[in-house]
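A.B. asks: Structure provided below as C-alpha cells; questions to follow.
The values are calculated or read from the model by the stated rules, or taken from the named source; none is laboratory data. No experiment lies behind these values; they were computed from the predicted model shown. Every residue, glycine as well, gets a Cβ built from its backbone with ideal geometry; the counts of neighbours run over all protein chains shown. Heads up: the accessible areas ignore ligands, DNA and RNA and are worked out on the full protein's heavy atoms, side chains in. Shrake-Rupley method; radii C 1.70, N 1.55, O 1.52, S 1.80 Å.
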Amino acid sequence: MLIPSVITIHLDPVLVQIGPIAFRWYGLMYVLGILAGVWTIRKYANERGINDDQINTLFWPAAIAGFIGGRLYYVIQQPLDPYLQQPWRIIATWEGGMAFYGCIFGVVIALLVTCWRTNIRLWPVLDAAAILALPAQGIGRIGNIVNGDVIGYPSELPWAFLYTHPATFAPSTTVAYHPAAVYELLGNAVLFAILWPLRHRFQTPGMIFALYLVGYSVAQIIIFIWRLNEIVLWELKQAQVTGIIVALAGILLALWLRQEYRNSNAQTA
C-alpha cells in the first residue's frame, strides 16, 4: 500500500520503564506544563493581591480536583460496562483519556471552595487560573502528540500524522490522521497570545476568566470539526455541545461582571 507524504511519528509513549513502573511522555509533559503555567502567572497573581502562600494553598486542591474532574468527565462519556466490570480502570490514565472540560469544572469547584474557606478573593484567582491553564495544556498536548490519543479523521494532507509505533493509541499504523493534538496546542497558543496582553487592560475582576471560557469553547467547537469523536446531538460532538453551553455561560458571565463593576463604581462615586 502506498502511503502518502505525511509526517511519520515512531515514538514509544513510555519514556522510561523501571520494572512494572512506566514513566510516560504524557505525564511528564503535563507536569512540565503545570510548572510552566505556575511560573507564568506568579507575578501576575501577586499584582492582583494573591501572595505566594495563597498560591500554594490554592494549587494542590485545584490540581487534584482538575485531575479527578478530567478523568471522570472522560469516563462518563465512554461505554460504562468496562469500568463497572473493572472499576480500577477508572483511574487508569495510562490507557488514555482525560477530558479538559472536566478539568475546568473540577478546578473551578476546588477554587470556589478553597477561596470561600480561606477568604481569598475569587475572581482574581480565576483570572490567574485561566492564564495558567493555557501554557499548561499547550505543553501537555505534546504528550498527546506522542501518545496518539488525540487525533482527527484520516487524512492525506502533508501535515497529517502517521503513527508507526505499535504502543501508541492510534487506531492504525498504516493510516495517517489529522494531528488534532497540534490543532489543540495551536488553539491554546492563539488564546494565550490574545489574553496575555489583555491581563492588565481589564479592570473588571473575573473578565479574563470569562473571556477564557468563551475563547477556549470557540476553539473546541472549531477543532472538533476535524477531531475524531462520535456525534451525540444533531451533527455535533460532545465537546462541541459542551462548548456551546460554556461559551454562552462565559458571555453571560462577562456581561454580569461588567454590570456589577459599573454598579460598584457608581456606588463609590
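A.B. asks: Mind checking the dipole of the chain: about its Cα centre, +1 per Lys or Arg Cβ, -1 per Asp or Glu Cβ, Debye to the nearest 20? Don't jump to the answer; show the numbers that get you there.
C.D. replies: Working: 15 positive and 13 negative charges, 144 e Å.
That gives a dipole near 700 debye.
A.B. asks: Report the Cα centroid-to-centroid distance between the range 37-57 and the range 187-226 in angstrom, as an integer.
C.D. replies: The range 37-57 and the range 187-226 have Cα centres spaced 20 Å from each other.
A.B. asks: Could I ask something else about it? Toward the positive end of the charge dipole of the chain, about the Cα centre and with charges on Cβ (Lys, Arg +1; Asp, Glu -1), which of 192, 128, 140 goes farthest?
C.D. replies: Of the listed residues, the answer is 128.
A.B. asks: Counting only heavy atoms of the protein chains, get the accessible area per residue of the chain (1.4 Å probe) and round it to a whole Å² value.
C.D. replies: On the way: 14630 Å² over 269 residues.
On a per-residue basis, the chain sits at 54 Å².
A.B. asks: Here's a follow-up. Provide the gained length on full extension for the span residue 92 to residue 109, in nm with one decimal, where the gain is 0.36 nm per separating residue minus the Cα-Cα distance. Present the calculation step by step, with values, prior to reporting the outcome.
C.D. replies: Working: separation 17, 0.36 × 17 = 6.12 nm, distance 2.32 nm.
Working it through step by step, the gained length comes to 3.8 nm.
A.B. asks: With unit charges on the beta carbons (Lys and Arg positive, Asp and Glu negative) and the dipole taken about the Cα centre of the chain, which residue among 109, 44, 13 sits farthest to the positive side?
C.D. replies: Of 109, 44, 13, it is 44.
A.B. asks: Apply 1/(1 + (r/R0)^6) to the Cβ-Cβ distance of residue 153 and residue 118, taking R0 = 41 Å, and write down the FRET efficiency to the nearest 0.05.
C.D. replies: Details: r = 46 Å, r/R0 = 1.13.
FRET efficiency, residue 153 to residue 118: 0.35.
A.B. asks: Calculate how steeply helix 122-147 sits against the longest principal axis of the alpha-carbon atoms of the chain, using the helix alpha-carbon long axis, and give the answer as 0 to 90 degrees to the nearest 10.
C.D. replies: Helix 122-147 sits roughly 10 degrees off the main axis of the chain.
A.B. asks: Another question about this same structure. How large, in percent, is the carbon and sulfur part of the accessible surface of the range 22-150 at a probe radius of 1.4 Å? Spell out each step's value before the answer.
C.D. replies: Numbers: 4460 of 6490 Å².
About 69 percent, which is the carbon plus sulfur part of the accessible surface.
A.B. asks: What residues have an amide H closer than 5 Å to that of residue 228, excluding those fewer than 5 places away on the same chain, when H is modeled at 1.01 Å from N in the peptide plane?
C.D. replies: The answer is 151, 152, 153.
A.B. asks: Further, regarding this structure: Report, in degrees rounded to the nearest 10, the 0 to 90 angle that the Cα long axis of helix 207-223 makes with the longest principal axis of the chain.
C.D. replies: Helix 207-223 sits at roughly 20 degrees to that axis.
A.B. asks: Using only Cα atoms, find the angle between the long axis of helix 52-75 and the longest principal axis of the chain, and express it within 0 to 90 degrees, rounded to the nearest 10.
C.D. replies: For helix 52-75, the angle is close to 40 degrees.
A.B. asks: Using unit Cβ charges (K, R positive; D, E negative) and no other charged atoms, how large, in debye to the nearest 20, is the dipole of the range 1-56 about its Cα centre?
C.D. replies: The dipole of the range 1-56 has a size of about 80 debye.
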